[in-house]
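Asks: Next up is a structure, given as structure tokens.
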Amino acid sequence: MAKKLNMRKRYELLTRGLGWEPTYQSKEKVFSNESYEGIKITDWSKWEDPFRLTIDAYWKYQAEKDKKLYAVMDSFAQNNAHLNLADATYVNALKLFIQGVTPLEYQAHRGFARLARQFSGEGAQIACQMQSLDELRHTQTQIHTISHYNKHFNGMHDPFHMHDRVWYLSVPKSYFDDAKSAGPFEFITSVSFAFEYLLTNLLFVPFMSGAAFNGDMATVTFGFSAQSDESRHMTLGLELIKFLLEQHEDNIPIVQGWIDKHFWRAYRVLALVSAMQDYMLPESPMSWKEAWEIYFVENAGALFNDLARYGLRMPKYHEQATAEAEHLSHQVWGTLYNYAHAASMHFWLPDEKKMDWLSEKYPNTFDKYYRPRYEMWAQMAKEGKRFQNGGLPQLCQVCQVPMLFTEVSKDDPMQISYRSSEFNGEKFHTCSDGCKDIFDHEPEKYVHAWLPVHQIFQGNCGGAAIPDILNWYHFKPEDGGDYAGSADETRWKAMHGETTGAASSDTESAEEKAAA
Amino acid sequence: MTYEITIDPTGDTIEVEAGQTLLDAALRAGIYLPHACGHGLCGSCKVTVLEGEVLHGDASPFALMDIEREEGKCLACCATPLSDLTIEADVEEEPDAHNHPVRDFVGVVSKIDTLTPRIKSIFLAIEHDGIDFQAGHYINLLIPGMEDTPRAFSIASPPSERNLIELNVALVDGGKGTTWLHNELKIGDEIRFSGPYGRFFVRESAPEPMIFLAGGSGLSSPKSMILELFEHGETRSITFIYGARNQAELYYRELFEELAAEHPNFTYLPVLSSEPADSGWEGLRGFVHEAAREHFGGKFAGHKAYMCGPPPMIDACITTLIQGRLFERDMYMENFYTQASKDAAPKSPLFKSI
Ligand SMILES: Cc1cc2nc3c(=O)[nH]c(=O)nc-3n(C[C@H](O)[C@H](O)[C@H](O)COP(=O)(O)OP(=O)(O)OC[C@H]3O[C@@H](n4cnc5c(N)ncnc54)[C@H](O)[C@@H]3O)c2cc1C
Ligand code: FES
Ligand SMILES: [Fe+2]
Ligand SMILES: [Fe+2]
Ligand SMILES: [Zn+2]
């Protein structure tokens, strides 16, 4: 009997040879994106498949995952399991997810589809093709999981439209736009390595543990289903970095530059997650700072010790990100509270219990800087003078976050940090050294940024008054503002038989919404 | 209850306790199986059970599908054995590895040499057929009173000497086992051991020139390997860089110098890290990795590298090799871990076998 091949060889036989040599076009033309970034690939055969999955097995597995997930979703819907949530404020985390994250899954789907076409190595093509399909599946399953909530709560009715227009959603959107408009190797370094490998746990862990605590089994199941794909994505990120570094020494400085850039870009996107984690989850299992310590400082530290052998160092400004962990969520949440009237989700002030938890988790900063702010805003609200910011914030030209970050690493945490650069006689503003470096490296790119605030002032966003703009965003008047007194709250109370004079039963409210 | 697992396609056999996961047993036996999350969520550690039965433990239904369970798949990080097993894992077959079954032996101490103030050479005579092993393999020595934690020592003699093996034992500060071997063991004593073990061996079929890097008692394996290569008329180029602190700690110098004189394709470079400046030593100074960088002009691509000895030395050599563009697939190593190595820095998932 012939000796059985090992799994790698069997897989190679099934997948290699798919890349035939073109005869009537040159290879450079067929794979026209592969060289313009300056990356040198001398031998694609050195690519080690990070996982060995054939397309037929892939379909079988994904089909079964979907079958299981949809069974949980169905029973969740049939049992009206949203009624069992610990608290309806939690649903705002889902709103952030469907508006901010789900469209990114779709962007990832598109980006990897392009890579599957543009890489000339068959191993990389197949890995990217599967990831492209995974990301499409993530988009769909997230929409389906969350659509049940859309029947009962506001703000989740048009996430893709919102993602393209809304001020706070331009933060995640611009990160992916930046990656997608770069070359294929930069895209995959950004998404697979900087985002999925280094930072994905910081995104998924708080959402999923929040879901678990709230008995949101549909979302938890979605999380499990996605995590089994995510490990493939993370190994792809790692393999890719190793491959680029080993292929040619000229790749090292290019890759380092991308890691610096996309670490900082992705970290800025996670600012929104930090606020969600510390403030939106009724019972947060761990603080942003704790999550940062475990998932970034420890894990990335060990990895970069090994990457140092190749001449790579930790991403630039990582110390700054670690120092900011003491402040980040509070600064972001405060800003969101200031602009709650222009959001498609609710924000609120932390209650006593939450503030005590925050004091405990942030002993160096919360009582000193942030508690007094919340107490003052609570007092103002009590006096009928709820603080809200009537103006529009200045945005960072790169990360597009309002200028809310402070000079934490210069030991001046109450001073907003501003940076600016000149380009073609114009001045451009950035929020940090990290974003300024990114701008200065490719100013031609970032001058084209679609900044929501600028667009409003230029009259491109449906009008000059806030209601016109919100209408252009497809926000409904009841989508934003404080949670207290919101339509969501009224409905939630009604679902639990606490009469408030509004909708009397859940089914009614769903019909009411459907009719609206 | 202990079960035996045979791992396809390499044919390695390892032991696993009831209740111990397959992954844990494999990693402890020095066999790398792919894995990531370590607790049943990601599916990276999937293996196929060809024979025998397992409990699936906490395997997530999304990481291990029903159809896969029916196909006999399991997650090595959660699965525990219910019987002896044969599993197929995603590991590389090693055409150059010889699989010799592990056996228990009794050796009689026939000679003890003091090689350096810190290293003794212990010769063990084995009766009957002797021991079959591959150059680079080690044995587990059962030191009286310390049988539950056997001490590992690489065989310094070539496999052609089946009835008399040589060990080079370095004295470890505060080390109970090596202190006993240095102070108590006498000629004529019997000592029990099992072996051979290990996955450190010469890639005989690889055409590349070879670099051996060793420090301290890490000379043992390269000595066995190099002697065997020349017994078989080796023609590839071989460079052996050996590091010691000073001349007193340098041993088997004549042996390798003679070998170098005999074989133009063999280069022997001893390097001393703390030899007094005025000692008259004319050879290389510094650490092994520094000597290697200098000798090869910082370029290692196109070689196969074999490293043996104290973990910090190997760590420094790996970095030097990677900087010189020789990567994981072309380097092989045996780290002389001790109990103290447990406190080492956490491992990143970047490398499989480093
Ligand atoms: C595959 C392999 C091959 C080897 N080949 C050789 C060889 O050919 N020649 C050779 O000389 N050596 C070799 N070694 C190393 C050798 O096995 C050890 O030096 C030996 O086992 C040490 O035993 P010991 O009882 O003297 O010291 P140990 O008891 O192991 O102690 C070693 C050191 O660790 C400290 N220590 C003990 N317990 C702990 C603990 N729980 N936590 C922290 N620190 C602790 C001790 O104080 C001491 O400093 C090899 C090792 C391996 C793994
Ligand atoms: S290592 Fe992740 S499932 Fe086993
Ligand atoms: Fe995804
Ligand atoms: Fe992903
Ligand atoms: Zn910025």
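Asks: Under the Kirkwood approximation applied to all pairs of distinct alpha-carbon atoms, what is the hydrodynamic radius of segment A:364-507 in Å?
Replies: It is 18.9 Å.
Asks: Given 10 °C and 1.306 mPa s, compute D for the protein assembly as shown with the Stokes-Einstein relation, Rh being the Kirkwood radius over Cα pairs; round to the nearest whole µm²/s.
Replies: Once the numbers are plugged in, D ends up at 52 µm²/s.
Asks: Calculate the tail of P(r) for segment B:257-307: the fraction of all Cα-Cα distances greater than 14 Å, expressed in %.
Replies: 63
Asks: For segment A:430-502, with only Lys/Arg (+1) and Asp/Glu (-1) charged at the beta-carbon, what is the dipole magnitude about the Cα centre, in debye rounded to 20?
Replies: Dipole about the Cα centre, nearest 20: 240 debye.
Asks: So, one more: Could you pull the Cα extents of chain B along its three principal axes, largest to smallest, in whole Å?
Replies: 71, 49, 39
Asks: Find how many whole Å separate the alpha carbon centroid of segment A:38-72 from the alpha carbon centroid of segment A:338-352.
Replies: If you average the Cα positions of each part, the centres end up 41 Å apart.
Asks: Right, something else. Let me spell out the model: positive unit charges on the Cβ of Lys and Arg, negative unit charges on the Cβ of Asp and Glu, origin at the Cα centre of the protein assembly as shown. What dipole size does that give, in debye rounded to 20?
Replies: That gives a dipole near 1620 debye.
Asks: Which whole-number percent gives the relative contact order of segment B:210-343, counting Cα pairs below 8 Å spaced six or more residues apart?
Replies: With pairs under 8 Å counted, the relative contact order is 27 percent.
Asks: Quick one: the Cα spread of chain A along its three principal axes, in angstroms, biggest first?
Replies: So the extents along the principal axes, rounded to whole Å, are 79, 57, 45.
Asks: Roll a 1.4 angstrom probe over the protein heavy atoms and tell me the percent of accessible area of chain A that is carbon or sulfur.
Replies: 54
Asks: Report in % the part of the accessible area of chain B that belongs to carbon and sulfur, leaving out ligands and nucleic acids; probe 1.4 Å.
Replies: Taking all protein chains in place, chain B shows 50 percent carbon and sulfur surface.
Asks: While we're here: Rounded to the nearest 20 Debye, what is the dipole magnitude of segment B:103-197 about its Cα centre when Lys and Arg each give +1 and Asp and Glu each give -1 at the C-beta?
Replies: The dipole magnitude comes to about 260 debye.
Asks: Express in whole angstrom the spacing between the alpha-carbon centres of segment A:360-431 and segment B:56-113.
Replies: If you average the Cα positions of each part, the centres end up 56 Å apart.
Asks: Something else: Between B:THR2 and B:SER353, what FRET efficiency follows from the Cβ-Cβ distance if R0 is 25 Å, with the result rounded to 0.05?
Replies: For R0 = 25 Å, the calculated efficiency reads 0.45.
Asks: Could you give the Stokes-Einstein D for segment A:2-64 in µm² per second, using the C-alpha Kirkwood radius, 20 °C, 1.002 mPa s?
Replies: The calculation lands on 145 µm²/s.
Asks: Mind checking which of A:SER231, A:PRO443, A:ALA300 is farthest towards the positive end of chain A's charge dipole, using Cβ charges of +1 (Lys, Arg) and -1 (Asp, Glu) about the Cα centre?
Replies: It is A:SER231, whose Cα lies furthest towards the positive end.
Asks: I would also like to ask the following. Mind scanning A:LYS65/B:LYS73; A:LYS242/A:LYS410; A:LYS151/A:LYS354; B:LYS111/B:LYS176; A:LYS9/B:LYS223 and naming the pairs with a C-alpha gap bigger than 27 Å?
Replies: A:LYS242/A:LYS410; A:LYS151/A:LYS354; A:LYS9/B:LYS223
Asks: OK, next. Total accessible area buried between chains A and B, 1.4 Å probe, in Å² to the nearest 100?
Replies: By this definition, chains A and B bury close to 3400 Å².
Asks: Next question, about the same structure. Kirkwood Rh over Cα pairs of segment B:1-128 into Stokes-Einstein at 20 °C, 1.002 mPa s: D in µm²/s?
Replies: 129
Asks: Still on this structure, please answer the following. Taking only Cα atoms of segment B:103-197, what ratio of Rg to Rh do you get with Rh as the Kirkwood inverse-distance radius?
Replies: We get a ratio of 0.93 for segment B:103-197.
Asks: Please compute the Cα-Cα pair-distance distribution of segment A:159-254 with 10 Å bins starting at 0, giving whole percents from short to long.
Replies: Distribution as computed: 15, 32, 36, 14, 3, 0 percent.
Asks: Once you wrap a convex hull around the alpha carbon atoms of segment B:66-142, what is its projected area averaged over all directions, in nm²?
Replies: Computed as one quarter of the Cα hull surface, the answer is 9.5 nm².
Asks: In chain A, which helices (entire DSSP H runs) extend 20 Å or more along their own long axis, judged by Cα positions, while averaging at least 1.0 on the Kyte-Doolittle scale?
Replies: Long hydrophobic helices here: A:198-213.
Asks: For q values of 0.17, 0.25 Å⁻¹, compute log₁₀ I(q)/I(0) with the Debye formula on a Cα-only model of segment B:252-354, without solvent.
Replies: -0.96, -1.42
Asks: Right, something else. In Å², and per residue, what accessible area does the protein assembly as shown have when probed at 1.4 Å with the other protein chains present?
Replies: 42
Asks: If you don't mind, another one. In terms of the Cα gyration tensor, with a ≥ b ≥ c the square roots of its eigenvalues, is segment A:291-380 rounded because a/c is under 1.5, prolate because a/b exceeds b/c, or oblate?
Replies: prolate
Asks: For segment A:29-187, treating each Cα as an identical point scatterer without solvent, what Debye log10 I(q)/I(0) comes out at q = 0.09, 0.17, 0.20 1/Å?
Replies: -0.40, -1.07, -1.25
Asks: Distance between Cα centroids, segment A:152-185 to segment A:231-300: provide it in whole Å.
Replies: Here the two parts' Cα centres lie 19 Å apart.
Asks: Now a separate question. Quick check for you: which residues of segment A:338-363 have the amide N under 13 Å from the point 7 Å beyond the Cα of A:HIS496 toward its beta carbon?
Replies: none
The values are calculated or read from the model by the stated rules, or taken from the named source; none is laboratory data. If you're wondering where the values come from, they're calculated on a predicted model, not measured in any experiment. Because the Cβ atoms are built from the backbone with ideal geometry, glycine has one as well, and the counts that use them run over all protein chains shown. For the accessible areas, the whole protein counts, side chains as well, though only heavy atoms, and no ligand, DNA or RNA atoms are used. Shrake-Rupley method; radii C 1.70, N 1.55, O 1.52, S 1.80 Å.
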